[in-house]
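Please read the structure below before turning to the comments.
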Amino acid sequence: MVKTSFFKAQASSIMASSIDFISTVVMVELLKICALFAGAFGTIIGGIVNFVIGRHWVFNAKNGLVLKQVSRFVLVWMGSFALNFFGFVLMVKVLHRNYFFSKVLVSVLVGISYNYFLQEKYVFK
C-alpha cells in the first residue's frame with residue numbers, strides 16, 4: 001500500500017520543480033543566462049522550496065531538530081543536484097535535446113527514483 005506521504009511528496013516535488021523550471025526558463029529566455037548555469041540555479045531554488053514543504057507538510061517533521069534535518073537534506077540534495085545536473089548536461093550537451101524537455105525528464109526520474117525514499121527514510125525520519 002502506498003503511503004499518503006508519497007503522494008504529498010509528489011505534490012511537493014511538482015511545486016518545487018515548477019519554481020525550478022520557471023526560474024530556469026526566465027533566466028534562459030529573458031535574462032539570456034547560459035542554460036547550464038540557469039538549470040543549476042533553478043535546482044538550488046527548487047531544493048529550498050522542497051525542504052520547507054517536506055518538513056512542514058509532507059513528513060510533518062516540524063518537531064525534529066531543524067539543523068539535523070537541514071544537514072541531512074543538504075547531503076541528500078547534493079546527490080540529487082549531481083544526478084539532475086549531470087543528467088541535464090548529458091541530455092543538452094551530449095544528446096543535443098531541448099533544455100526544457102531535458103530538465104523535465106531528468107527531474108522526474110531523479111524525483112521518483114532517489115529523492116522521496118531518502119527524504120522519508122533518512123532526512124525526516
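Throughout, read-outs are computed from the coordinates displayed, never taken from laboratory work. Values in this document were obtained by computation on a predicted structure and should not be read as measured data. Using ideal geometry, Cβ is built from the backbone for each residue, glycine included, and neighbour counts are taken over all protein chains shown.
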Whole-Hz ³J(HN,Hα) for each residue in region 36-43, computed from phi via Karplus 6.51 cos²θ - 1.76 cosθ + 1.60 with θ = phi - 60°, x for glycine and proline: what do you get? 5, 5, 4, x, 5, 5, x, 5
Expected 222 nm ellipticity per residue - DSSP helices of 4 or more, -39500 (n - 2.57), all of the chain, to 500: -21000 deg cm²/dmol
All lysines inside 27 Å of Lys62 as judged from Cα atoms, apart from same-chain residues fewer than 8 positions distant: Lys3, Lys8, Lys121, Lys125
Once you place label points 7 Å from the Cα toward the Cβ at Leu90 and Lys62, how far apart are they in nm? 4.0 nm
